[in-house]
Amino acid sequence: MKVVELLGIRKVIGQEEILKGIDLWVEAGEFVAIVGASGSGKSSLLYVMGLLDKPTSGEVFFEGQRVDFSGEKELSVIRNQKMGFVFQFHYLLPEFNLLENVILPAIKRGMMKTEAQERAYELLKRLGLGGKERRKIYQISGGEMQRVAIARALMNNPSLLLADEPTGNLDSKNTRAVMDIFKEINAEGTTIVMVTHELDLAAQAHRIVEMRDGQVVRA
Amino acid sequence: MRHVAFVAFKLLLERKRQTLVSVLGVSIGVSAFIVMSSLMIGFQSYFIQQVIDLEPHIRIKPREERTDFMFEEPVLVLGERLKEKDKILGWYEIMQSLEKHPEVLGVAPRLVSRGILKYGVKDKPVTLLGIDPQREPKASIIEKFLIHKNLKKLETNRTGVILGVLVAKSLGIQEKGKKLLLVAPNGQTLLVTVEDFFESGITNIDDARVYLNIKTLQSLLDRQGEANEIVVKIGDVNRAEKISRDFQEIIPYEVESWQRAYRNFLSIFKIQNTITYMIVFAILTVSAFGIFNIIMMTVLEKKKDIAILMAMGFTRRDVLLIFMVEGFVVGLLGALLGSVLGYGLQEYLESIKLDVEGLIRTKGFVLDRSPLFYLYALVFSLFFSLLASLYPSYRASRLNPVDIFRSQ
């Protein structure tokens, strides 16, 4: 089953055409790496795939349903319940402790706080952050922050995890740790699409999609 | 809404200093509103109440007319004197007909004149009010203001007088029983005895009035059987103006309600209220700008956080509500703290004992401690807080998460 499918996606910003008619789909359970040089349109493609950005033209299907970009509420529900995002920067909320950061998507979904906290404890423990749940963001390392961001992305058990340069700010040890987590959750059934410019990381995915000047040159 | 409250309260709690500054700003505005309103309305209500109690609700008096100069061409005569037909003809019949009106509680005649009181080497010009000691209490609450409650003494002692406390003070009289000389405008004199003092708290009344029996004044002025004022007390003081207009249609003398007699004061009160509320409005506006500034700063600082919230499924409405809730909570906390501060200030002001000398005289501040001021303050502070947070909240909700992610 195709988790996400893009047909003829074009994205124009100002005078510049960022995405030039992209056709691409991702099967359930796949681990896809999108590679390409800086400015090739990798992140823009990920934002469209994550329903964060409306394409200038073209169609997006999510789990077989055509996505209507005019309905903000529906898009929010899909992002909240079906998708998880991990970015190069962790984007953790500094006022919240690790646990509170992780439970945010579940609270938005309507889960009871105690139930959400139980799941967040499990996730944090699994990602090697057990015992640090009540710490503030500034009290943990960069690699740990990224793992908290991954825990947050996994909180609502998404079918699609979208990662934009998730290891871009990490040292090799933490990069390995993040990739191990990705492979582990992918093995459990979560579909992953990861944007990276590091080919050795892309090589660990099932499939590599290469982009150049807004076009897919290898899928 | 749980997710909105979760984020909003967390931001408020974790940004304690900013929250505290905003709350303090609002609370200062709220307490200023409560204290200034209670002081101002307290003073005005006190003044009006004293006037209503002491002064006639409706007064009937001779019209003031110009002297009958007959010129073929209109000319301006500087220093033109007013001629007074200083009496009411048939005053007893007029009183009888007024007493039949269903809204009239009491009617009394008065003879009002000027005079001079002499005590030792001191003298003081005064307003002489000849009253009927039996009828007067039905038409005004004069007894409430008498220190020794000796109004009835004016019946038995025809040379008895009741002095305003400031008249007595000017003459150096501190106790009743003192004898002083009353000089009428026609040169007649009479030795009178102080039977009581009255203290209304209104300076210009206490400093001029002398009450005595109307018959004593009539004989002193050689105006037997005359009255030049009829005073009327009615049930609903707020209807005085309307009833006075009705009376005016059937009575050939000037009929004046207390509102018209004190219109200058009432106009001043309106101006005073406007100025006070403008000051309070300015304070609340400044505190609203404080909230605006702090929420706007928060929005600008938290662009990345807003973007990730949107990525994880928060809608634009959620983001708008998060910051609106912040504004609402700041307004609410400010109102609560301001109410406590306002209450404390009211208690403090009420406990101060000092001689207030001015338009009114009291032994301290006169406060109106109506709970309505707290309610109004709450409504105003919430309104201003929500208004102040509206624009930054809207700005936050219109942020495009992709633009923010791209800019990193």
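Bear in mind these aren't lab numbers, they're just calculated from the coordinates by the rules spelled out. Because the structure is a prediction, the values reported are computed rather than measured. Virtual Cβ from ideal backbone geometry, glycine too; neighbours counted across all protein chains shown.
Based only on Cα atoms, what mean projected area does the convex hull of chain A have, in nm²?
With the hull built on Cα positions only, its mean projection is 11.8 nm².
Run lengths n ≥ 4 of DSSP H only: what is the helix-derived mean residue ellipticity at 222 nm for chain A, with -39500 (n - 2.57) per run over all residues, to the nearest 500?
-11000 deg cm²/dmol
Calculate, in nm to one decimal, what B:H148 and B:Q224 gain on full extension: separation in residues at 0.36 nm each, minus their alpha carbon distance.
Fully extending the segment from B:H148 to B:Q224 adds 24.4 nm.
Calculate, for A:Q81 and A:V12, the FRET efficiency according to 1/(1 + (r/R0)^6) with r their C-beta to C-beta distance and R0 45 Å; round to the nearest 0.05.
After rounding to 0.05, the efficiency reads 0.90.
What does the helix-only formula give at 222 nm for chain B: each DSSP H stretch with n ≥ 4 adding -39500 (n - 2.57), the total divided by the residues, and the result rounded to the nearest 500 deg cm²/dmol?
-17500 deg cm²/dmol
Who wins for biggest fluctuation among B:E301, B:E103, B:E350 in a Gaussian network model of chain B, springs between alpha carbons below 10 Å?
B:E301
Could you work out the Rg to Rh ratio of the protein assembly as shown, with Rh taken as the Kirkwood radius (inverse of the mean 1/r over all Cα pairs)?
My calculation puts Rg/Rh at 1.33.
Could you give the size of the charge dipole of segment B:135-236 about its Cα centre, using +1 on the Cβ of each K and R and -1 on the Cβ of each D and E, expressed in debye and rounded to the nearest 20?
300
Please find, in a Gaussian network model of chain B (springs between Cα atoms separated by less than 10 Å), the residue of B:L354, B:L345, B:L386 whose mean-square fluctuation is greatest.
Of B:L354, B:L345, B:L386, the most mobile in the Gaussian network model is B:L354.
Mind checking the dipole of chain B: about its Cα centre, +1 per Lys or Arg Cβ, -1 per Asp or Glu Cβ, Debye to the nearest 20?
Result for chain B is approximately 1340 debye, rounded to the nearest 20.
Using the crude model of +1 on Lys and Arg Cβ and -1 on Asp and Glu Cβ, and no other charge, please compute the dipole size for segment A:2-218 relative to its Cα centre, in debye to 20.
480
Local charge sum around A:L127 (other residues, Cβ-Cβ under 13 Å, Lys/Arg +1, Asp/Glu -1)?
Net charge in that neighbourhood comes out at +1.
Of B:V286, A:T191, B:S339, which is farthest along the charge dipole of the protein assembly as shown in the positive direction, counting Lys and Arg as +1 and Asp and Glu as -1 at C-beta?
Comparing the listed Cα positions along the dipole, B:S339 ranks first.
Only Cα pairs within less than 10 Å get springs; with that Gaussian network setup on chain B, which residue of B:E254, B:E93, B:E347 has the largest fluctuation?
Comparing B:E254, B:E93, B:E347 in a Gaussian network model of chain B, the most mobile one is B:E93.
What is the sum of charges, Lys and Arg at +1 and Asp and Glu at -1, for the other residues whose Cβ falls under 12 Å from the Cβ of B:D236?
Result for the local shell: +1.
Positive end of the dipole of segment B:61-258, charges at C-beta (+1 Lys, Arg; -1 Asp, Glu), about the Cα centre: which of B:P125, B:H148, B:L163 has its Cα farthest in that direction?
The residue sitting farthest along the positive end of the dipole is B:H148.
Report the normalised scattering of segment B:218-308 as log10 I(q)/I(0) at q = 0.10, 0.15, 0.24 Å⁻¹, calculated by the Debye formula with identical scatterers on the alpha carbons.
-0.59, -0.83, -1.13
Tell me, A:I9, B:I173 in order of fewest to most beta-carbon neighbours within 10 Å?
With the sparsest Cβ surroundings first, the list reads B:I173, A:I9.
Which peptide among B:25-35, A:90-100, A:124-134, A:177-187 comes first, and what is the full order, when sorted by highest mean count of other Cβ atoms within 10 Å?
My ranking of the peptides, most packed first, is B:25-35, A:90-100, A:177-187, A:124-134.
Just need the Rg to Rh number for segment B:61-258, please, alpha carbons only, Kirkwood Rh.
Working: Rg = 18.2 Å, Rh = 18.1 Å.
Radius of gyration relative to Kirkwood radius: 1.01.
Assuming R0 = 60 Å, can you tell me the calculated FRET efficiency for the pair A:Q65 and B:K16, based on Cβ-Cβ distance, to the nearest 0.05?
Numbers: r = 45 Å, r/R0 = 0.76.
Here the calculated transfer efficiency is 0.85.
Cα atoms only, segment B:254-307: Rg and Dmax in Å?
22.8, 76
Could you give log10 I(q)/I(0) at q = 0.06, 0.08, 0.11, 0.12 Å⁻¹ for chain B, computed by the Debye formula over C-alpha point scatterers of equal weight, without solvent?
Each listed q maps to, in turn, -0.44, -0.63, -0.88, -0.97.
Could you point to the residue in B:T362, B:I352, B:M324 farthest towards the positive end of segment B:324-371's charge dipole, with +1 and -1 charges on the Cβ of Lys/Arg and Asp/Glu respectively?
B:T362
Partner chain Cβ atoms within 10 Å, averaged over the residues of A:73-85 - can you pull that number for me? Provide the component values of the computation, followed by the final result.
Numbers: counts 4, 0, 3, 9, 2, 1, 6, 6, 1, 1, 3, 2, 5.
Rounded to a whole number, the mean comes out at 3.
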